[in-house]
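Colleague: Sharing a structure below in structure tokens format, with a few things to ask.
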Amino acid sequence: MLTHLISGVLAGWSLIIAIGPQNALVLRQGIRREHLGAVLRICIVSDILLIGAGTVGIGAIVLVAPWALEVLRWLGVGYLLWFAWGSLRSARRASGLEADSAQRSLGAVVTTTLALTFLNPGVYLDTVVMLGNLANQQGPGGVLPFSVGAMLGSLIWFLAIGHGARALSGHLAKPRVWQVLDVLIAVVLIILAVRLALG
């Protein structure tokens, strides 16, 4: 049972520890010290629900309906580019962390988090299909611990990067550092949008 649990944690980390729109947002909100708790709750609960859905076989529906992934793909491209544009505009202002931190409401941050989570087809392919299939290959008695391990991996990862970024926010409060960070986030999001558009 412990072996399956650890395998689930490692499998979850192998898919989640990559520079993606969700991770970029968690880092950004952690550094901004802005609605981080809400962002972390959405990311963690979403991953738990998606991993659970994959474990019970819903991943097959995703594979049977490629048109749904295609719609999500183009919505995701549009949203990633919009989010990147917002980061570039913020970088152009070159304001420090304290000056910039009050600009986004909780509703706007929640909407962005939900969009970057559920408009990304990669989330369904990795979390629902891939982890779901891996969980169901564990054999009797291994499915549940593997799934719980993958969920635990997601929980640990998001808490670590969110609170780690928050702990570093004091060192990143200078306008120039914040400007560079916004540009880097925008570049990452544009690259992800192009990759998503090219399939």
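Colleague: State which residue pairs qualify: first residue in a helix (DSSP H, G or I) and inside the stretch 67-89, second residue acidic (Asp, Glu) in any location, beta carbons under 6 Å apart, and separation of 6 or more residues or different chains.
Modeller: Here the result reads 87/182, each pair linking the stretch 67-89 to a residue that is acidic (Asp, Glu).
Colleague: Give the residues of the stretch 100-146 that are over 30 Å from residue 174 (Cβ atoms), open to solvent by 50 Å² or more (accessible area, probe 1.4 Å), not in a loop (DSSP other than H, G, I, E, B) and not hydrophobic (A, V, I, L, M, F, W, C), sorted by residue number.
Modeller: Correct list: 126, 133, 136.
Colleague: Determine if the stretch 160-180 includes at least one residue that is touching an Asp or Glu at 6+ places or on another chain (Cβ under 8 Å) and either within 18 Å of residue 16 (Cβ to Cβ) or assigned to a helix (DSSP H, G or I) (or both). Break it down stepwise before answering.
Modeller: Of the residues in the stretch 160-180, the ones touching an Asp or Glu at 6+ places or on another chain (Cβ under 8 Å) are 173, 178.
From what's left, either within 18 Å of residue 16 (Cβ to Cβ) or assigned to a helix (DSSP H, G or I) (or both): 178.
The answer is yes, given that some residue of the stretch 160-180 is touching an Asp or Glu at 6+ places or on another chain (Cβ under 8 Å) and either within 18 Å of residue 16 (Cβ to Cβ) or assigned to a helix (DSSP H, G or I) (or both).
Colleague: If you don't mind, another one. Just checking, which of 87, 101 is within 21 Å of residue 178 (Cα to Cα) and at pLDDT below 75?
Modeller: Numbers: 87 fails: at pLDDT below 75.
One residue alone meets the criteria, 101.
Colleague: Go through the stretch 74-85 and give me each residue that's surrounded by 16 or more Cβ atoms within 10 Å (Cβ to Cβ) and small (Gly, Ala, Ser).
Modeller: 76, 84
Colleague: If I ask for residues that are open to solvent by 30 Å² or more (accessible area, probe 1.4 Å), out of contact with any Asp or Glu (no Cβ under 6 Å at 6 or more places or on another chain) and part of a helix (DSSP H, G or I), which ones from the stretch 1-41 would you list?
Modeller: First, pick out the residues of the stretch 1-41 that are open to solvent by 30 Å² or more (accessible area, probe 1.4 Å): 1-7, 10, 13-15, 17-19, 27, 33, 35, 37, 41.
From what's left, out of contact with any Asp or Glu (no Cβ under 6 Å at 6 or more places or on another chain): 1-7, 10, 13-14, 17-19, 27, 33, 35, 37, 41.
Within the stretch 1-41, 2, 3, 4, 5, 6, 7, 10, 13, 14, 27, 37, 41 qualify.
Colleague: Given the condition open to solvent by 70 Å² or more (accessible area, probe 1.4 Å) and among the charged types (D, E, K, R), answer yes or no: does some residue in the stretch 152-171 qualify?
Modeller: Taking every residue of the stretch 152-171 in turn, at least one turns out to be open to solvent by 70 Å² or more (accessible area, probe 1.4 Å) and among the charged types (D, E, K, R).
The values are calculated or read from the model by the stated rules, or taken from the named source; none is laboratory data. Since the structure is predicted, the reported quantities are computational estimates derived from the model, not experimental observations. Quick reminder, even Gly has a Cβ in these numbers, built from the backbone with ideal geometry, and neighbours come from all protein chains shown. SASA here: full protein model, heavy atoms, side chains in, ligands and nucleic acids out. Shrake-Rupley method; radii C 1.70, N 1.55, O 1.52, S 1.80 Å.
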